[in-house]
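Structure, as structure tokens:
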Amino acid sequence: MNSSNATAMTQPGVPMKVRNVSKRFGAFTALDNVSLDVAAGELVCLLGPSGCGKTTLLRCIAGLERQDNGALYLGDRDVSELAPQARDYGILFQSYALFPNLTVEANIAYGLAGSNRDVVRKRVGDMLELVGLTGSEKKFPGQLSGGQQQRVALARALAPSPSLLLLDEPMSALDARVREHLCTELRQLQRSLGITTLMVTHNQDEAMLMADRIAVMNNGKVEQYATPQEIYDKPATPFVAEFVGQGNWLPFLRNSATHAQVGGMNMRLADDAGRAASGRLFCRPEAISVNPLLHQENLFPARVREITFLGNRCRMSFELNHLPGHALTAEVGSQDLPRLGTPDIVVALPPASLQVFA
Amino acid sequence: MAAEMALPLTGKIPRQTSRAELGDRIFVVGGKLLLLLLLSVAVLMPLLAIFWRGFSAEDGQGGGWVAARELVTSANFHWLLGNSLKVSLSVAAIVVPLAYLFAYALQRTMIPGKRIWRGLSLLPLMAPSMLPGIALVYLFGNQGMLRGLISDNIYGFWGIVLGEAIYTFPHALMILLSALSLADARLFDAASSMGAGPFKAFRSITWPGTKQAVFAAFCLVFTLTITDFGVPVVVGGDYQVLALEAYKAVVGQQQFGRGALIGMVLLLPALFSFGVDAWLRRQQGDSMSGRAQVFKPVPSKVRDRCYLAIVLLICATLLLVFGMAVYSSLVKFWPYNLSLSLNHYQFNDTAGGGWLAYRNSVTMALCTAVIGSAVIFTGAYLMEKTRSQKGLNLALRMLSFVPMAVPGLVLGLGYVFFFNLPGNPLHVLYGTMTLLVACTIAHYLTTAQMTATTALRQLDSEFEAAALSLKAPLYRHYWRVTVPICLPALLDIMRYLFVSAMTTVSAAIFLYSPDTILAAVAVLNMDDAGNVGGAAAMSTLILFTSAGVSLLLARASRGLLRRSQAWRQGAPAP
């Protein structure tokens, strides 16, 4: 995909609003009063485990499912009750849904019916150029690779200049090697076109790589809606903390404004940590320093249980001496391994990295 | 990318949203309502008419509760019922094991010439059920060629059983073939790695996977036999069965009520087996996972020779019977003048319909194939691919399953009763080609629809959503994408409907008028009039027409696949 110079001629996208949308399938609540604002030109990822309602939300926005309550706005139009044809969006399906009996050209021109033939031909040529597949007009989808098929499907979705682009697990049919590359390309193209985009994925790496903002969903609700960095650094709920990235959980009892009792240890908390009297502390593995060279706060003795080699880094499973039976993980650079020596180590849990959940 | 490249090119492409939406509403809702109307008139109302007719005690019709009690308690009825049950159970007990062996040979062994055996085994589908009976008369009748081989003549129990066995064999075979075509090689590898021999593997893998199909085949053969009167009318002699009695009550004695009562009795085994089959299907669920590996038989000399012998024996029998029918139609005057001639094909000189009947049959079969496949496939598409109107979809689905459980004889009776109702504005259709076509489509609806549904389910379920997001109307998408992809299945449905329409006699026998007499009916009439040579000739014509059209359509399908190979070959597996 070629979009290096496209920033100059972006089409201002339109904002999209989801207001209190609910959807039930029998006894199962797929969407529970969901609201979501997507700014013009923004790329938002709906991230969550299967069954969390992300695909249902996408299908409601597309008009392929009808919500039980709530409203959907595209720009200033209320599209809640409109048929899919009247909503003005393009969609890229997981399977791409390219029509196998039509050529690439006919697939892309599918949504351009009613325009004059030369306009259509020019448009198809432009779209193929946009996705870097010029010259494939006469091929059939089955003669293209998975990545190429994805581009054709994208060109087809974008050809009628929709105001909104919906992506339904667009990368899941591709193998891991091309995935990251295509993610970056898709992101660049989206940014250069400035088209408002909503993407559904269960893969947090894709979401992190592409999204302006991520809406983490669980049980039909949006648990947190924030930038990727915020989601990772400041998970709003235990579910988000658990679902995005790795983490350690430590049970605690508050014993002062600044300290918490964890097993036989007294841990210092950051000043802005929550006020809960008891609950769990959350800590990312890479925030834990093992045998730190400099003096740090919250230093505790521990014992290594297992080390897993992961290439440039290692995952270390350990137990705090004052909290036996509770496995924690830390990540250390591979070059630091020899420094560890004996299984008896000292770990530092920096106060700023400890997040409090009630 | 070129620097002047911009997405919104020459303004927005004009859209026809409202027109497309309106068109789709007409296509989807209108199509479904139309289908509902057709199914009500062609399936539901005739069935209701049977019950109405059976229980209304009009004078001289032989119906009503009193007549029903009399019928059920009469010795004659017990005799007929006993005969029917004996024949049907015997036929099923003979045909199902043979068909299982035959299907097993084709799917799980490495015998040579599989395509030939398969083609030969389908022969009985191509001719009316009277043909095996006629051939049996020539083989084992009083002046039969092989009369000396048996002590008694063929008329009676064994004649019916043999004729029905031949007639129902391919029906059972098709069910078992498809059941045996599904096999997961991984299971057999696992079994042999645990030291299971072929017998144990069969008992623990093949049999559990196919026993439901065996039951289904048994029920189908039983139902086909108990409701068929083509064979008994030819070789039954004094051995009477229920189906023949219903036929005679309506056609011979105009006792519509009595016919309806017997029709209801004949409906019972079909309804019963349909219910049990549906229940079993739910119990079993899907046994094949998507990751199954296709089973490929390994060579085994002893096994292959045994199965080849069985297959050869069955095919030889079929060839003997069908060859006999063709040969007898060419013989000048059996058994005194065995020189060959086309005398029996001079239909104009004999009673029974003649060439008019043949022309009518071809017209009827063509109309049934073309109209039927269009209506059935479009209906299946609307039911499969549109989600709104849930209640309507459910009603359509249930209605289109009904014909499977209704024997042609019963459906035909229902048509007689419903379209003959005084005051029914549709009465004008009675005796017309339109009604014959409608009845035939309704009769063979379920199988055709299941073929269509299977083909449609293999398409990406997001195709329609993609088309809608591109603002393309559904009817255009159906025509441009769905129909071209499913064309082979569509041709298959056409072939099935054509052949069925050519050979059917069970329902049509009640519905024809002198102008719309059909070839299969003519066979029955000529045989009745003692013109067995003419009946054989007409059967032979039907046989060759059906076979010829089947081959033609198979060829068209192959050519089509070759022409569309460019996109079919590499197309992502659905």
Report summary line: About its Cα centre, the protein assembly as shown carries a charge dipole, from +1 on Lys and Arg Cβ atoms and -1 on Asp and Glu Cβ atoms, whose size in debye to the nearest 20 is 1140 debye
Query - Given B:114/B:301; A:23/A:221; B:385/B:471; A:17/A:54; A:23/B:32, the pairs whose alpha carbons are separated by over 22 Å - result: A:23/B:32
Query - Antiparallel bridge percentage (DSSP; both residues within the protein assembly as shown; nearest 5) - result: 75 percent
Requested in this report: For chain A, set up a Gaussian network in which alpha carbons nearer than 10 Å are linked by springs, and say which option among A:41, A:146, A:341 fluctuates the most.
Outcome: A:341
**Report entry** Amide H contacts of residue B:237 (H built 1.01 Å from N, under 5 Å, at least 5 apart or other chain)
**Finding:** B:156
Requested in this report: Just rank B:174, A:316, B:502, B:538, fewest to most, by other beta-carbon atoms within 10 angstrom.
Outcome: B:174, A:316, B:502, B:538
Requested in this report: Give me A:50, B:181, B:506 ranked fewest to most by other Cβ atoms within 10 Å of their Cβ, as a rough exposure proxy.
Outcome: A:50, B:181, B:506
Query raised in the report: residue A:288's amide H: which non-local residues (gap 5+, or another chain) put their own amide H closer than 5 Å, with H modeled 1.01 Å from N in plane and none for Pro or chain starts?
Result: A:331
Query raised in the report: What does the helix-only formula give at 222 nm for chain A: each DSSP H stretch with n ≥ 4 adding -39500 (n - 2.57), the total divided by the residues, and the result rounded to the nearest 500 deg cm²/dmol?
Result: -6500 deg cm²/dmol
Query raised in the report: Mean residue ellipticity at 222 nm from the helices of chain B, using -39,500 (n - 2.57) per DSSP H segment of n ≥ 4 over the full residue count, to the nearest 500 deg cm²/dmol?
Result: -22000 deg cm²/dmol
Report summary line: Of A:61, A:345, A:108, the most mobile residue in a GNM of chain A (C-alpha springs, cutoff 10 Å) is A:345
Query raised in the report: Dipole size in debye (nearest 20) for segment A:246-357 around its Cα centre, Lys and Arg Cβ +1, Asp and Glu Cβ -1?
Result: 180 debye
Query raised in the report: To the nearest 20 debye, what is the magnitude of the charge dipole of chain A about its Cα centre, counting +1 on the Cβ of each Lys and Arg and -1 on the Cβ of each Asp and Glu?
Result: 420 debye
Report task. Report the percentage of all Cα-Cα pairs in segment A:246-357 whose separation exceeds 23 Å, rounded to a whole percent. Result -> 25 percent
Report task. With all distinct Cα pairs included, what does the Kirkwood hydrodynamic radius of chain A come out to in Å, to one decimal, could you say? Result -> 23.0 Å
Report summary line: The base-10 log of I(q)/I(0) that the Debye equation returns for chain B at q = 0.06, 0.09 Å⁻¹, one scatterer per C-alpha, is -0.34, -0.76
Report summary line: Cα-based Debye curve of the protein assembly as shown sampled at q = 0.05, 0.06, 0.11 Å⁻¹ gives log₁₀ I(q)/I(0) of -0.44, -0.61, -1.28
**Report entry** From phi via Karplus (6.51, -1.76, 1.60), per-residue ³J(HN,Hα) for segment B:336-344 in Hz, x at Gly/Pro
**Finding:** 8, 10, 8, 6, 8, 7, 9, 3, 5
Query raised in the report: Between B:369, B:443, B:157, whose Cα lies farthest towards the positive end of the dipole of chain B when Lys and Arg beta carbons carry +1 and Asp and Glu beta carbons carry -1, centred on the Cα centre?
Result: B:369
Query - trypsin sites (Lys or Arg not before Pro) within segment A:265-358: DSSP coil, no more than 15 neighbouring Cβ in 10 Å - result: A:275
Requested in this report: Using every Cα-Cα pair within segment B:481-574, state what percent have a distance larger than 24 Å.
Outcome: 41 percent
Query raised in the report: Once phi is turned into θ = phi - 60°, what whole-Hz ³J(HN,Hα) does the Karplus curve with 6.51, -1.76 and 1.60 give for every residue of segment A:348-358, x standing for Gly and Pro?
Result: 10, 10, x, x, 5, 8, 8, 9, 9, 10, 5
Requested in this report: With springs connecting C-alpha atoms under 10 Å apart, model chain A as a Gaussian network and identify which of A:230, A:306, A:42 has the largest mean-square fluctuation.
Outcome: A:306
Report summary line: Ranked on Cβ counts within 10 Å of their own Cβ, fewest leading, B:138, B:307 go B:307, B:138
Query raised in the report: Along the charge dipole of chain A, Cβ charges K/R +1 and D/E -1, which of A:196, A:109, A:273 sits furthest on the positive end?
Result: A:109
**Report entry** segment A:246-357 - percent relative contact order, Cα under 8 Å, separation 6 or more
**Finding:** 33 percent
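Values in this text are rule-based calculations from the coordinates and carry no lab data. Small disclaimer: the values here were computed from a predicted structure and weren't measured. Neighbour counts are summed over all protein chains in view; Cβ atoms, including those assigned to glycine, are modelled from backbone coordinates with ideal geometry.
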